[in-house]
Amino acid sequence: MLKSKLKIPDKTRKPFPDRLGSLVAGFDSRDGENGGSGAALEFGEELETIQPNGFGSDREFEEPDDGVEEECAQDEDAAGGAGGGEPDLRARQRPNTREGSGPVSVLEVIAADEKRSDVEHEISQEEINLEKLQRIATMGLPDEGGLRATSWKLLLGYLPPSRKLWEKELSENRLKYAKLKEDLLISPSEFARRKNLNSGPCETEAGSDVDGPLRRHQIAQEDHPLSLGKASVWNQYFENTEVAEQIDRDLQRTHPDMKFFSGETVISRRHREAMRNILLLFAKLNPAIRYVQGMNEVLAPIYYVFSTDPNEQNAANAEADSFSCFVRLLGDSVDHFCQQLDNSSVGILSTISRLSELLKTNDEELWRHLEFTTRVEPQFYAFRWITLLLTQEFSFQSILRIWDSLLGNPFGVQDMLLRVCCAMLLCVKSKLLRGDFIANLKLLQHYPDINIEHLLQVAMDLTPDTSSYRLSL
Amino acid sequence: MVLVLALGDLHVPHRAPDLPAKFKSMLVPGKIQHIICTGNLCIKEVHDYLKTLCPDLHIARGEYDEETRYPETKTLTIGQFKLGLCHGHQVIPWGDLDSLAMLQRQLDVDILVTGHTHQFTAYKHEGGVVINPGSATGAYSSITYDVNPSFVLMDIDGLRVVVYVYELIDGEVKVDKIDFKKTTTTTAH
């Protein structure tokens, strides 16, 4: 999916150094990429005179997902309304005093509808133009109608762009998953029973009315529960219980505020069990990394989006689809989880230093302040941002929106991820400049709520760091 | 898939110093969910050792046990099966099938586990199963000196039980298995 890295996307071909000034001022002169943005922009300007704090889409998602629908609407208008007419600096410097927005206006609803129909139109083509889908995704995908699920599957490469192949691909993959599960996640007693059935019907079953001494059967050398042999099914089963226990513990802690994942209802249990299977299977198939704490967080949005797909068949197979997409998503960043690779050129430290370089290229003052003056090393905050793809920093709805952009980036998830991280730093620049080590660390480890659209816009407008480009991957 | 370890008649320290090393190396904590012990451990140290293997430990009193508060008989339900536990010296003639069947009917269990004879046996009798895990240490019994160390591990899975018999013969551990199925379900309580 990565074309030549040297190609700079159109969006950043604006004057660079001035961007920084304009970032600080908060005013964004970017034109809307979508059609119909002209009208929206005027709308934004008009509102700004009425509500100097910036209009409704500014409002941050401070509460957890109780107000999902409401946030959806907000997200919609933010996405549809040309990136949400930019908040100015004044708004950001009063972080938690956002006033409530005005009622969702007709124009915003229209913009949202437009966006949805854009996506629908794109997806319903026979041959889907991935680039176009990427562009749309970067603007944010609509929440309803399973459009996000399908788009993500396309963007991750799970579904081929040609529509007629979908049926075949989906059923093949789902079958593969079922078989994998059967092979690897089977319990040893089940395994023994099947072996028994294969090796001829058991006489004791038939002769159950006959009293007398029970017949003893020979077994293969390693085939008993206490065996310590490496090849024994039982031994492998017990070795995996440790991993399984850790997975279980982490799953209990995944998004405790969301009914989808937590609690003791039948549904949430089923979801946790499905996620458990996926993670266990991943751990077994990748003995080098096995399971690392945090993988559950990366899996959660994928599984959520796929299970809430209104298409019943898709929702029923969410587990199989999530597994494949999870594997694909982790494909780039899997090296981050491997401890041995930490110091290598593909490891997490190298990625973190790339982030540092990116920050330096874009805002040397802030970089200097962080690195030297306050000595806040990127390891302290960026490690979690990067390995967990920002799932721990924002509310669930924001995560979905950010992931839309991550997946929609033609240069790959990692590239956009670093940009977003850098943007996160830039957006709280003034606070960082004022703070010392402790204050900054606290701020970055508990990142404040901000306008996601603004954040993503800043991310996209960053100057890419050309100093350390790798021409071949 | 519940693993239940059945053993007994260790007679530590009077007749045997300890479990055979090969058995001990196989018995590691974390794999077994229940232990049922037919009795005659005889001392507290053995009790503690078994407790480290698995916290759910059931013991019936044998005639040489130093702990006097173990019950004479015990019943427990694991999965779909009702298990009964008794040392067996109370049932006369020792090891007689019909008398044991009487005990089984009295306790109303599907699987009766008894010891005392220090010989492994497994019988299907009148609708139930009688299992004797033998002596885990190979201690001599009131009947014979010729005893092979043995114990039993049951894998209870729904209506089916796979009984793995571990015996130490000539210094080597031999494992056999026995399969049986229950024909009717028990009412859970």
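The values are calculated or read from the model by the stated rules, or taken from the named source; none is laboratory data. Remember, predicted model here, so these are calculated numbers, not experimental data. As a convention, Cβ positions derive from the backbone with ideal geometry for all residues, glycine included, and neighbour counts pool all protein chains shown.
Determine which single condition B:A188 fails, assuming it passes every other condition in (1) at pLDDT 90 or above; (2) more than 10 Å from chain A (Cβ to nearest Cβ).
Among (1) at pLDDT 90 or above; (2) more than 10 Å from chain A (Cβ to nearest Cβ), B:A188 violates only (1).
For the subset of the range A:432-455 comprising residues that are over 14 Å from A:W385 (Cβ atoms) and without any contact (Cβ under 8 Å) to a residue 40 or more places away in the chain, which member is surrounded by the most Cβ atoms within 10 Å (Cβ to Cβ)?
Checking each candidate, the answer is A:A439.
Just for the range B:1-59: of the residues that are over 16 Å from B:F151 (Cβ atoms) and acidic (D, E), which one is surrounded by the fewest Cβ atoms within 10 Å (Cβ to Cβ)?
Only one residue tops the list, namely B:D48.
Restrict the check to the range B:60-72 and report whether at least one residue is in contact with a helix residue (DSSP H, G or I) (Cβ under 6 Å, 6 or more places away or on another chain) and either among the charged types (D, E, K, R) or modelled with pLDDT under 95 (or both).
No: zero hits.
Please verify whether the range A:444-455 includes one or more residues that are within 17 Å of the chain's Cα centre (by Cα), polar (S, T, N, Q), under 28 Å from A:M258 (Cα atoms) and part of a helix (DSSP H, G or I).
no
Answer yes or no: is there a residue in the range B:124-142 that is within 11 Å of chain A (Cβ to nearest Cβ) and not in a strand (DSSP E or B).
Start the filter on the range B:124-142 by keeping residues that are within 11 Å of chain A (Cβ to nearest Cβ), which leaves B:124-131.
With not in a strand (DSSP E or B) added as a condition, the list becomes B:126-127.
Yes.
What is the number of the single condition among (1) away from every other protein chain (no Cβ under 14 Å); (2) farther than 26 Å from A:D223 by Cβ; (3) acidic (D, E) that B:D170 does not meet?
(2)
Which of the residues spanning the range A:154-172 are surrounded by fewer than 18 Cβ atoms within 10 Å (Cβ to Cβ) and part of a helix (DSSP H, G or I)?
A:R163, A:K164, A:L165, A:W166, A:E167, A:K168, A:E169, A:S171, A:E172
Just to check your reading of the model, which residue among A:R94, A:R135, A:R148 is closer than 26 Å to A:D461 by Cβ and modelled with pLDDT under 70?
A:R94
With (1) away from every other protein chain (no Cβ under 13 Å); (2) modelled with pLDDT of 90 or more; (3) closer than 24 Å to B:V161 by Cβ as the list, and B:L7 as the residue in question, which single condition is left unmet?
(1)
State yes or no: is B:L27 within 14 Å of another protein chain (Cβ to nearest Cβ) and within 16 Å of B:Q119 (Cα to Cα)?
No; evaluated as a whole, the condition is false for this residue.
Are any of the residues in the range B:86-107 in contact (Cβ under 8 Å) with a residue 24 or more places away in the chain, assigned to a strand (DSSP E or B), touching a Lys or Arg at 6+ places or on another chain (Cβ under 9 Å) and more than 13 Å from chain A (Cβ to nearest Cβ)?
The answer is yes, given that some residue of the range B:86-107 is in contact (Cβ under 8 Å) with a residue 24 or more places away in the chain, assigned to a strand (DSSP E or B), touching a Lys or Arg at 6+ places or on another chain (Cβ under 9 Å) and more than 13 Å from chain A (Cβ to nearest Cβ).
Which condition does B:I36 not pass, out of (1) within 20 Å of B:V175 (Cβ to Cβ); (2) within 14 Å of chain A (Cβ to nearest Cβ); (3) of a type in the set (A, V, I, L, M), if it passes all the others?
Going through (1) within 20 Å of B:V175 (Cβ to Cβ); (2) within 14 Å of chain A (Cβ to nearest Cβ); (3) of a type in the set (A, V, I, L, M) one by one, B:I36 breaks only (2).
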